Protein chains: 6
Amino acid sequence: MRPSKREADEMRAVSFERGVSKHAEGSCLVRFGDTHVLCTASLEERVPGWLRNSGQGWVTAEYGMLPRSTGDRMRREASSGKQGGRTLEIQRLIGRSLRSVVDLQALGEKQVTVDCDVLQADGGTRTAAITGGFIALSDCLSWMEARQMIVRDKVLKDHVAAISCGIYNGNPVLDLDYAEDSTAQTDANFVMTGKGGIVEIQGTAEGEPFSEGEFASLMGLARKGISRLVELQKLAIS
Amino acid sequence: MRPSKREADEMRAVSFERGVSKHAEGSCLVRFGDTHVLCTASLEERVPGWLRNSGQGWVTAEYGMLPRSTGDRMRREASSGKQGGRTLEIQRLIGRSLRSVVDLQALGEKQVTVDCDVLQADGGTRTAAITGGFIALSDCLSWMEARQMIVRDKVLKDHVAAISCGIYNGNPVLDLDYAEDSTAQTDANFVMTGKGGIVEIQGTAEGEPFSEGEFASLMGLARKGISRLVELQKLAIS
Amino acid sequence: MRPSKREADEMRAVSFERGVSKHAEGSCLVRFGDTHVLCTASLEERVPGWLRNSGQGWVTAEYGMLPRSTGDRMRREASSGKQGGRTLEIQRLIGRSLRSVVDLQALGEKQVTVDCDVLQADGGTRTAAITGGFIALSDCLSWMEARQMIVRDKVLKDHVAAISCGIYNGNPVLDLDYAEDSTAQTDANFVMTGKGGIVEIQGTAEGEPFSEGEFASLMGLARKGISRLVELQKLAIS
Amino acid sequence: MRPSKREADEMRAVSFERGVSKHAEGSCLVRFGDTHVLCTASLEERVPGWLRNSGQGWVTAEYGMLPRSTGDRMRREASSGKQGGRTLEIQRLIGRSLRSVVDLQALGEKQVTVDCDVLQADGGTRTAAITGGFIALSDCLSWMEARQMIVRDKVLKDHVAAISCGIYNGNPVLDLDYAEDSTAQTDANFVMTGKGGIVEIQGTAEGEPFSEGEFASLMGLARKGISRLVELQKLAIS
Amino acid sequence: MRPSKREADEMRAVSFERGVSKHAEGSCLVRFGDTHVLCTASLEERVPGWLRNSGQGWVTAEYGMLPRSTGDRMRREASSGKQGGRTLEIQRLIGRSLRSVVDLQALGEKQVTVDCDVLQADGGTRTAAITGGFIALSDCLSWMEARQMIVRDKVLKDHVAAISCGIYNGNPVLDLDYAEDSTAQTDANFVMTGKGGIVEIQGTAEGEPFSEGEFASLMGLARKGISRLVELQKLAIS
Amino acid sequence: MRPSKREADEMRAVSFERGVSKHAEGSCLVRFGDTHVLCTASLEERVPGWLRNSGQGWVTAEYGMLPRSTGDRMRREASSGKQGGRTLEIQRLIGRSLRSVVDLQALGEKQVTVDCDVLQADGGTRTAAITGGFIALSDCLSWMEARQMIVRDKVLKDHVAAISCGIYNGNPVLDLDYAEDSTAQTDANFVMTGKGGIVEIQGTAEGEPFSEGEFASLMGLARKGISRLVELQKLAIS
């Protein structure tokens, strides 16, 4: 039995609230249960140095947690003077995931920065950030299309979404919340596209190593969950 | 005529949404029109070094802006490696303002940190942060009282709230929004208590110096606005 | 009775020693009693990025305290790796104050940086820095005029000076020294021009909030003090 | 055909040179072809704060690249003032991987830090670091056993090794070198124990997403490679 | 002919102004011609970690230059976020030099920090800092003796002073000023005690290497200069 | 008797292993006994800002120690966020020493960066780094000559090498190892050219000051040692 009484293959309630930022070209407050992430997509004219005069654009991401998004207050990274390893690791993952469905040539020499700020954390912040960041990005591209800057469907090749799975009390379960995540033996994050292609897999044994069979169960759960997330994304932006 | 069509002494719509954080001992999403600040109050056992074994507590504040809370995306302070001068100045002001109504002896040797994170900015973020931070702090003290840690009314001596005023197009106006703030000749922030005592005054001539008469008009507007904010605070926490 | 036995409206002995730096285009060692601040004005060709090719110049300030300018040795900011919030706050104030009397268009696309380094501190370092920084700036502009770079009187529109006031033992007093500053109930800094216009007001209740009446007394004292400081500035540079 | 003319399931020449450091309790220069990583294991008495007085030990890792270990000289991280995201990500992975085969309770309240410094890079530095770091750690534990500090076989529960795989020119291949890594469509790192348990999986689509079938091929290759690496580790330390 | 018209073995005018700081236990404004360095000695109860409970004390130094102490304004180190290599090198040298004449055991478990801040630079700032820092240190020890904390003559074993020499236009000259220093072929700094012992020698060929004979001339000049500096120190503190 | 049983004028075994880096234009693993330093020379097109469009090149050096190159593990400088004073001091010395034998005009507007990374330390790392760095630099210049970029013998004017000497147990000895260095009364580093010119002298009294006679003995030993090092360099690169 999961602490949340969910079925093994049952995700938390997922919602996307679009247009939450007055200023950003695209924005989305995504909720996976009690995990709430504010995603904004910002269009900028300048691209990283290595792309200057290449005609090609860039999509990047930054990630942060508000100090009291967690059970105990964390030190503010701006105050400690650097972003921690976990933060850098997650924002690199979000950026790679979003770029996997973008045609950077078709975007043209512009940069979209997707900021994912965790307002409240209850496990799965990185998967929520990818899934909600996609909505913000998509809305930013629609904003650009409305101004004849791009053709949105040439830039955005597919959907992308992410979910975590893990082995909790010996059973593979979908979409870990914090209570599960902190005691799971194995924890894996999957990023997949709308067409079912795999973009990223990260699996970690927290205690004992896991087997190929266990990993296959997690991948099966993830595929089901991401398929549902993509449906919800489509509802949200249609 | 103000860009927002407000009267000279008319504040923006103000609202307090309490209990927005699952984790924090007190929390409040405060809105002054399109300025939205998420305030959380976190109780911690440890106090700053100079208070250890003094029997006295501490209230402090931190302030941050999400990168795209503003019209143009700002660089994330965690990524640039330090908090800017404006950030430090504002968080010092919030801390001083909140401490002005707290009996630190009665609090006992504990620290409350009030984090004020700007989700969306449209002028007046520091005054919204003080006014909403008070609600978060008050709720945190109620949380402590419910656990017999303190007597709330002995710790919290009064209300405290803040508002900005300025001279816009030659006329003194209350509660500047961004459109006004960026072109105002003079900009002043006032922090006052529920009983009408002045806690902090900061007035700056952006262009031409201002006169004592002009400053008196601003103070009059501020008194009126803060009096209204305190009423709204009382409604919110009653 | 004030610890220094001064009258309530009596400033400390103020002196300006000009030309103390062999290298700087303008320099002044200003003394407010035992508070000694070395101010240098440096002319530079480059302006901040946002002014490039604007034809407009800039005046900025930096502030620092020598580690043993104070009663207890402070940590050297260069060694701790960052300027503290108080330092940044003060140098921003000095810069704004000096710019309030400069016509940046008439200056042309050049930058003057006024460095204010506290050799010895006894309260009121920021007000001494503004008052002495004006002399250094003025001398730098004379240096430029002597080289036909500007017309000094078109660039420098007025005098600017600053003083602190506070409520000490229940009485409003002018020009707090450290002994008063550290126990004053209320502390306020005023920056005004030679013509009497107000440039900046910063008032803080250290303990109990203060009233409008008390604040009016402080402003009255400040006006008197600054008027005297401007006279002394005129004597110094004539 | 691979650039190196290796078969799809053929690893580069792997060697372990033990005892290369006069000072470290354990050390190993590991070579995967032209990738050379110097691994040292250092025993320290102090453990991280959260383990103090817990009776439990800790194993951690740090990773660095010499500036000219790569084709183009990279900026020295000590000089740029911080470790990049990639560095932090890799050293966290190495630490988790090594801890997966250590009984931290049996280690007792001591810390072993495994430093992995890349002398020359040609792809696969993190997998070489884990595989060679295991040897350094093992030798450090033997050093401790020789001094009756621990029973080595109670602390070290199994072997652990790592290898990368990828899809190069449409074909799954084992142990990517730089020429392959920089153009591979998919890149995956696997960490497994001597008994075949999976400790960590990281798979990334560099261009097009990949399928479950492709991923299964990579896992099969990895299993074969790691099995061979563990044999070589056994030869090295026997 | 030297630019300053000095003889080859002629130092600049040297003066020591003691007691220039109201707060410091010892202080000295030292002038070597136009090079002016403010030295303060601060007594602190805490010693570096490695000396705790050793009964032994420590003497250390910090060095800084005011931004406009030089011909062109330098960036403030507090603002750039770190002390440069030259600064660190010089303050290490000053600390070593002063410690060479102190019996740290006799000092007892206390620390004296000597801050040397260059108000105006014209070559030879490090040698002035050592020579003047000695006076500040000596006065600090007298201050301690007056309070029965130490016996000054047991702590301070000898005098220490420093001077630079160089080969300018092919001739060995004493006490380089900036005009000479910036074009000298060879530049050497010597630190010696009152009894003539050598504490530190640093010689650098700026252009062509130098010979042993040339170096011997520099050492001869230095010996003469330091002997004179020690006489002046004795006059100053007697 | 020296701990290593060496004669007073006997250096440790010195060896140069060239071409140890697959990527660098020049490289050398230099060993002075148990002190092992990996030196690489990297050719870069860009020069420091102040040399742009000057037609002149630059040679610079960076120095680092692997964390466990020493008896006790040191903190990694990349992790502590800055290079320490000793590191900066040494890399400035290496750079100056190498530049003393390079005609920067003949090099042309290019930069060679010599990285010296200490793999294992047993005293004398800076002298080994200079001596081995010369080989790496020389090989880099040969690499450039092979590509008709320069004429090597016009750029490289002479050999340069370095050695430490010290007074150990009252006797002057050559090439201190760590056991001697940590207890020597006086420690001096000498850098000289192949023709016998002196490039740099650094002598420090660790305990008691030293005399001119003692210093002359150290210089005599150094001359002998460096002469031998230059012979070995010639053998290595011929």
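The values are calculated or read from the model by the stated rules, or taken from the named source; none is laboratory data. All values derive from a computational prediction rather than experimental measurement. So basically every Cβ, Gly included, is an ideal-geometry build from the backbone, and we count neighbours across all protein chains shown. Heads up: the accessible areas ignore ligands, DNA and RNA and are worked out on the full protein's heavy atoms, side chains in. Shrake-Rupley method; radii C 1.70, N 1.55, O 1.52, S 1.80 Å.
For the pair residue C:103 and residue D:75, how long in nm is the line joining their label points, each one 7 Å along Cα→Cβ?
With each label placed 7 Å out from Cα toward Cβ, I get 4.3 nm.
What does the accessible area of residue F:192 come to, in Å² to the nearest 10, when a probe of 1.4 Å is used?
Residue F:192 has an accessible surface of roughly 0 Å² with all protein chains in place.
How many angstrom lie between the C-alpha centres of the stretch F:140-184 and the stretch F:12-88?
13
Before we go on, tell me the buried accessible area for the D/F pair, both chains summed, 1.4 Å probe, in Å² to the nearest 100.
2700
Which cross-chain or sequence-distant (5 or more) residues have an amide H under 5 Å from the amide H of residue E:35, H modelled 1.01 Å from N in plane?
Here the answer is E:122, since their amide H atoms fall under 5 Å of that of residue E:35.
Mean-square fluctuation check for chain D, GNM, Cα pairs under 10 Å: which of D:198, D:130, D:90 is largest?
Per the Cα network of chain D with a 10 Å cutoff, D:198 tops the list.
How many Å² of accessible area per residue for the protein assembly as shown, probe 1.4 Å?
Accessible area per residue: 37 Å².
For the stretch E:13-67, what does the alpha-carbon gyration tensor say about shape, rounded, prolate or oblate, given a ≥ b ≥ c as the root eigenvalues, a/c under 1.5 as rounded, and a/b over b/c as prolate?
Details: a/c = 2.89, a/b = 2.26, b/c = 1.28.
Judged from the Cα gyration tensor, the stretch E:13-67 comes out prolate (a/c at least 1.5, a/b above b/c).
At 7 Å along the Cα-to-beta-carbon direction for both residue F:45 and residue A:195, put a label point, then send me their distance in nm to one decimal.
In this crude spin-label approximation the distance works out to 3.8 nm.
Output the residues of the stretch E:120-146 meeting this criterion: accessible area (heavy atoms, 1.4 Å probe) in the chain alone minus accessible area with all protein chains in place is 50 Å² or greater.
At a threshold of 50 Å² (probe 1.4 Å), the residues of the stretch E:120-146 that become less exposed are E:120.
State the dimensionless ratio Rg/Rh of the stretch F:14-237 (Rg: radius of gyration of Cα atoms; Rh: Kirkwood radius).
Computed over Cα atoms, the ratio is 0.98.
Starting from the Cα of residue D:235, step 7 Å toward the Cβ, then list every residue of the stretch D:1-34 with an amide N under 12 Å from that point.
D:13-16
Over the whole of E:59-67, what's the average partner chain Cβ count within 10 Å per residue? Rounded to a whole number, please.
Rounded to a whole number, the mean comes out at 4.
Write down the Å³ per residue value for the convex hull defined by the alpha carbon atoms of the stretch B:1-135. Show your work: numbers first, answer last.
On the way: hull volume 17.5 nm³, N = 135.
Dividing the Cα hull volume of the stretch B:1-135 by its residues yields 130 Å³.
Which whole-number percentage describes the relative contact order of the stretch F:1-137, with Cα contacts under 8 Å and a sequence gap of 6 or more?
Relative contact order of the stretch F:1-137: 37 percent.
Give the Rg/Rh ratio for the stretch B:68-153, taking Rg as the radius of gyration of the Cα atoms and Rh as the Kirkwood radius, to two decimals.
With Rg and the Kirkwood Rh in hand, the quotient comes to 1.05.
Show me, for the stretch C:181-186, the HN-Hα J-couplings you get by feeding each phi into the Karplus relation (A = 6.51, B = -1.76, C = 1.60, θ = phi - 60°), rounded to Hz, glycine and proline as x.
4, 6, 10, 5, 6, 9
I need the phi-derived Karplus couplings for the stretch A:199-204: 6.51 cos²θ - 1.76 cosθ + 1.60, θ = phi - 60°, integer Hz, Gly and Pro marked x.
9, 7, 10, 9, x, 9
Count the lysine pairs in chain C whose Cα atoms sit under 23 Å apart, keeping only pairs 8 or more residues apart in sequence or on different chains.
Qualifying lysine pairs in chain C: 13.
Roughly what % of Cα-Cα distances in the stretch A:117-238 sit above 19 Å, to the whole percent?
Looking at the stretch A:117-238, the distances longer than 19 Å represent 51 percent of pairs.
With all protein chains present and a 1.4 Å probe, how do E:238, C:4, D:97 order by accessible area, largest first?
Ranked from most to least accessible, the order is E:238, C:4, D:97.
Looking only at C:218, C:104, C:51, which one moves most when chain C is put into a Gaussian network model with springs between Cα atoms under 10 Å?
C:51
In chain B, carbon and sulfur make up what percent of the accessible area (probe 1.4 Å)? Spell out each step's value before the answer.
Details: 4220 of 8850 Å².
On chain B, the fraction of accessible area on carbon and sulfur atoms equals 48 percent.
Pick from F:225, F:213, F:108: which residue has the top mean-square fluctuation in a GNM of chain F where Cα pairs under 10 Å get a spring?
So, out of F:225, F:213, F:108, the one fluctuating most is F:213.
Can you give me the relative contact order of the stretch C:14-237 as a percent, contacts being Cα pairs under 8 Å and 6 or more apart?
Once divided by the residue count of the stretch C:14-237, the mean separation gives 21 percent.
Counting only protein chains, not ligands or nucleic acids, how are D:113, D:70 ordered by accessible area (probe 1.4 Å), most first?
Accessible-area ranking of D:113, D:70, largest first: D:70, D:113.
Hey, can you list the DSSP H helices of chain F whose Cα span along the axis is 20 Å or longer and whose average Kyte-Doolittle score is at least 0.0?
Sorted by number, the helices that extend far enough and score high enough are F:125-146, F:212-237.
List, in order, the whole-Hz ³J(HN,Hα) value for each residue of the stretch F:106-112 obtained from phi through the Karplus relation with A = 6.51, B = -1.76, C = 1.60 and θ = phi - 60°; use x for Gly and Pro.
Karplus-based 3J(HN,Hα) across the stretch F:106-112 equals 5, 5, x, 6, 9, 10, 10 Hz.
Once you put a point 7 Å from the Cα of residue E:227 and another 7 Å from the Cα of residue F:211, both along the Cβ direction, what distance in nm separates them?
1.6
Given 37 °C and 0.692 mPa s, how large is the Stokes-Einstein diffusion coefficient of the stretch B:179-225 in µm²/s, with Rh as the Kirkwood radius over Cα pairs?
Reported coefficient: 287 µm²/s.
When the Kirkwood hydrodynamic radius is evaluated over all pairs of different C-alpha atoms of the protein assembly as shown, what value in angstrom, to one decimal, is obtained? Can you show the working numbers first?
Values: mean 1/r = 0.0283 Å⁻¹.
After inverting the mean inverse Cα-Cα distance, the result is 35.3 Å.
Using helices alone, I'd like the mean residue ellipticity at 222 nm for the protein assembly as shown: each DSSP H run of four-plus residues gives -39500 (n - 2.57), total over residue count, nearest 500.
After summing the helix terms and dividing by residue count, I get -10000 deg cm²/dmol.
Looking at chain C, which longest stretch skips every one of the trypsin sites (Lys or Arg not before Pro) that is in a DSSP loop with at most 12 other Cβ atoms within 10 Å, leaving the sites themselves out?
With a cap of 12 other Cβ atoms within 10 Å, the longest stretch comes to C:76-146.
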